[in-house]
Amino acid sequence: DQALDVDITYFKSSGAPMTALLGNGNLDVGAGNISAGLWNAINSGLNIKLVADKGRVSKNCDYIGLLVRKDHIDSKRYKTLGDLKGFKMAVTAFGVSQQIAADKFLKAAGLDAKDVIFEKMDYAAMNAALQNKSLDATVQLEPYLAEAELKGMAVKVAGVNEVYPEQQSAAIIYASQFIAEHPDLAEKFMIAYLEGVRVYNDAFIKGKNKAEVISLLKKHIKIESDEIWDKMTPAGINPDGHLNKESLAEDALWYKEHGFIEGACDVEKAVDHTFVDKALKEIGKYE
């Protein structure tokens, strides 16, 4: 609708490789997790901007949750969060929002990171490890949550929104060159993006044209099982685009206190809602 010709590049990790390309202008727009590494890049002078919401948990979109191996549930080894003590858990990396969520679950039970054993592995590997019983629990996201439960390997015992409401975990990121050299395209991209978010929310929250939207998503997300698509909780994305700056500041402070970043993070400087606000003038607020 916006007459944009967009080339999409997929990254196995949305961390350092994508951030570097945004910094040198070889990538105009990024969509990825907000991690300690991203804050370190911004603090070191990388002039990129967080411009819109790309993923947050919420009451209706609690798409990141704590999975516990099903045999631990059946045997009563796990009954409450306090039973996480001694468990082997996984994170995709250290210094990421998933680790903060895990910390919140532990703290809710009076535990901390020393009470569990953390290993690094990607999301798909986590489910494989749960299945072969080399992992006890993990903070997992959709669609792997739905897959784990449908295949009987684990049970979602709590959602992140229960311990950290509205955690902001991902953002749309604009390169400074894109903003400076192509502000008209940056505005059009944001309109198109928010329109897409609204179609997504209409489908998964309101049930409007859900089958059609799933068929479109299948072209880009390699999940063929309709059962998983039907079961999984949708990702939380603000249809009006604004990021949760309070959560960004809280997470940045956590990274600093745990030694992942040095110095303070200027959230107000890093976040630029200009393009969201201009898009909303064009398309109005979501209803």
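See the values below:
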{"quantity": "Length-normalised contact order of the chain in % [C-alpha pairs under 8 Å, at least 6 apart]", "calculated": "30 percent"}
{"quantity": "Distance (nanometres) between label positions extended 7 Å along Cα→Cβ at Asp226 and Gln2", "calculated": "3.3 nm"}
{"quantity": "Between helix 183-206 and the chain: long-axis angle, C-alpha atoms, 0 to 90°, nearest 10", "calculated": "40 degrees"}
{"quantity": "Using θ = phi - 60° and Karplus 6.51 cos²θ - 1.76 cosθ + 1.60, couplings along region 146-158 (whole Hz; Gly, Pro as x)", "calculated": "4, 4, 4, 6, 5, 8, x, 8, 7, 10, 6, 9, 6"}
{"quantity": "Selected from Met190, Gly152, Ala171, residue furthest toward positive end of dipole (the chain; charges at beta carbon)", "calculated": "Gly152"}
{"quantity": "Rough spin-label spacing in nm, given labels placed 7 Å along Cα→Cβ, for His182 and Lys88", "calculated": "4.6 nm"}
{"quantity": "Test item: Cα-centred dipole of region 67-110, Lys/Arg +1 and Asp/Glu -1 on Cβ, debye", "calculated": "120 debye"}
{"quantity": "In Å, descending, principal axis extents of the Cα set of region 135-274", "calculated": "46, 40, 23"}
{"quantity": "Equivalent ellipsoid semi-axes, the chain, via Cα gyration tensor eigenvalues times 5, rooted, Å", "calculated": "32, 23, 16"}
{"quantity": "In degrees, nearest ten, helix 97-108 long axis to first principal axis of the chain (Cα)", "calculated": "40 degrees"}
{"quantity": "Cα-projected label distance for Thr9 with Lys256, points at 7 Å along beta-carbon direction, nm", "calculated": "3.2 nm"}
{"quantity": "In Å², nearest 10: area of Tyr164 left accessible to a 1.4 Å probe", "calculated": "10 Å²"}
{"quantity": "Shape call, region 213-287: gyration tensor on alpha carbons, a/c limit 1.5", "calculated": "oblate"}
{"quantity": "Inter-centroid distance (Cα atoms) of region 215-255 relative to region 38-110, Å", "calculated": "14 Å"}
{"quantity": "Anchor Lys219: lysines whose Cα lies under 24 Å away (excluding residues fewer than 8 positions away in-chain)", "calculated": "Lys12, Lys54, Lys151, Lys188, Lys206, Lys208, Lys210, Lys231"}
{"quantity": "Zero-based 10 Å bins, Cα pair distances in region 1-96, whole percents", "calculated": "11, 32, 27, 18, 10, 2"}
{"quantity": "Largest-first ordering by accessible area, 1.4 Å probe, given options Tyr144, Tyr255", "calculated": "Tyr144, Tyr255"}
{"quantity": "Net charge dipole size for the chain [Lys, Arg +1 and Asp, Glu -1 on Cβ; Debye, nearest 20]", "calculated": "940 debye"}
{"quantity": "Residues whose placed amide H lies under 5 Å from that of Lys54, excluding near-sequence neighbours", "calculated": "Ala170, Ala171, Ile172"}
{"quantity": "Convex hull volume per residue in cubic angstrom - Cα atoms of region 49-104", "calculated": "125 Å³"}
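The values are calculated or read from the model by the stated rules, or taken from the named source; none is laboratory data. Since we're looking at a predicted model, the values are computed, not measured. Methodologically, a virtual Cβ is constructed for each residue, glycine included, from the backbone with ideal geometry; neighbour enumeration extends over all protein chains shown. Please note that ligands, DNA and RNA were not included when accessible areas were found on the heavy atoms of the full protein model with its side chains. Shrake-Rupley method; radii C 1.70, N 1.55, O 1.52, S 1.80 Å.
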